[in-house]
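Engineer: The structure's right below; bear with me while I get my questions together.
Read-outs: derived from the displayed coordinates by stated rules, not from any lab. Values in this document were obtained by computation on a predicted structure and should not be read as measured data. Cβ coordinates were reconstructed from backbone atoms using ideal geometry, including for glycine residues, and neighbour counts include every protein chain displayed.
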Amino acid sequence: METERRPDLLGQTVVVVGGSAGIGFETARRAKAEGADVVLTGRNEERLEKAAATLGVSRTAIFDANDSRALQSFFEELDGPVDHVMVTAGGPYYSRLADMDFDEARRALQEHPMLMVGVAKHARDLIRPGGGLVFMGGTGARNPARGVGLMSAMTVALPALTASLALEIAPVRINLVAAGFVDTPLSASLLGDGLDQRRQELRETLPIRRVVTPEDVAALAVHLMTNTALTGATYDIDGGQQLLPA
Ligand SMILES: NC(=O)c1ccc[n+]([C@@H]2O[C@H](COP(=O)([O-])OP(=O)(O)OC[C@H]3O[C@@H](n4cnc5c(N)ncnc54)[C@H](OP(=O)(O)O)[C@@H]3O)[C@@H](O)[C@H]2O)c1
């Protein structure tokens, strides 16, 4: 006889900072499917409202997560405690030294770590027992290559920060997802006309013989939310991309 499974996030609240597209959007969709009440944020109002309508989410907030005052106000004004915060805002900066825009480089260097620190500081007291924070990092820059230096530094820095923050904000949990290429609007904008060729290369060379999707990452993110044994760690999801020669 079949018994119905209780949805894993039933009665819980999940905040997705950067939830109107890509990995954040798919995580919101999966969290909703698992019974969560979802709060979606983003910068572009039209995109955010469209995403909220698609998912049937009623709570949204428009702000730039890299604006530390706006981030603090968002958490101060949240109505009631929450269980999980997933952060998918922020992007990478790839550039060779010769072409580097130093303002962009500074932005990228401070963006991810300071966003992690800001969310850890402002959200920790809102998290119910068992809950936690999930952030995004990458595996793509683990191997040295021209033009990836700053992102290589982030690849090393974010797991270290995650581990230390896990001690500071305990019993609130914190984990990092390190992704390789994920087929999202961000990847499309970075690759432009080269997107289809990159997808094909990955299908031919990745050990999994397919491209990693935002749904794959969402499944991992929701697992990190529901498995209360996990904290302070980094979880690679790249289909084996980092195992290939650069
Ligand atoms: N895609 C990949 O291959 C890949 C690989 C490794 C790591 N990552 C990381 O994973 C995260 C999500 O990537 P993705 O590919 O899903 O990106 P995406 O397709 O561009 O989606 C990003 C989402 O975050 C929102 N957002 C971006 N910057 C924001 C900000 N400063 N404040 C508030 N909302 C913001 C965007 O909406 P608005 O633009 O309207 O704000 C959008 O909803 C990023 O941090 C990225 O660096 C991605």
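Engineer: Where the only charges are on Cβ atoms (+1 Lys, Arg; -1 Asp, Glu), what is the dipole of the chain about its Cα centre, to the nearest 20 debye?
Structural biologist: 420 debye
Engineer: Let me ask you something else. If R₀ is 25 angstrom, what is the calculated FRET efficiency for the pair I62 and E168, using the beta carbon separation as r and rounding to 0.05?
Structural biologist: Computed FRET efficiency for I62 and E168 comes out at 0.25.
Engineer: Now for a separate question. For E4 and T54, what does the FRET efficiency come to when R0 = 30 Å and r is the distance between their Cβ atoms, rounded to the nearest 0.05?
Structural biologist: Computed FRET efficiency for E4 and T54: 0.70.
Engineer: If you don't mind, there's one more thing I want to ask. Suppose each label sits 7 Å from its Cα in the direction of the beta carbon; what would the A153-R69 distance come out to in nanometres?
Structural biologist: A separation of 2.8 nm, rounded to one decimal place.
Engineer: Quick check: Cα centre of segment 12-67 to Cα centre of segment 176-246, how many Å?
Structural biologist: Centre-to-centre (Cα) distance: 20 Å.
Engineer: With axes computed from alpha carbons, what is the tilt in degrees of helix 68-77 against the longest principal axis of the chain, rounded to the nearest 10 within 0 to 90?
Structural biologist: It is inclined by approximately 20 degrees.
Engineer: Can you find, among L191, V212, G11, the residue farthest towards the positive end of the dipole of the chain? Put +1 on the C-beta of Lys and Arg, -1 on that of Asp and Glu.
Structural biologist: Working it through, the farthest residue towards the positive pole turns out to be V212.
Engineer: Where in segment 80-94 does the label zone of R199 land, with the point 7 angstrom along Cα→C-beta and an amide N cut-off under 19 Å?
Structural biologist: none
Engineer: Compute the distance in nm between two label points, each set 7 Å from the Cα along the Cα-to-Cβ direction, one at A219 and one at V117.
Structural biologist: 3.6 nm
Engineer: Enumerate by residue number the GluC sites (Glu not before Pro) in segment 2-41 meeting two conditions: DSSP loop (anything except H, G, I, E, B), and at most 15 other Cβ atoms within 10 Å of the site's Cβ.
Structural biologist: Taking segment 2-41 and a limit of 15 other Cβ atoms within 10 Å, the loop GluC sites (Glu not before Pro) found are E2, E4.
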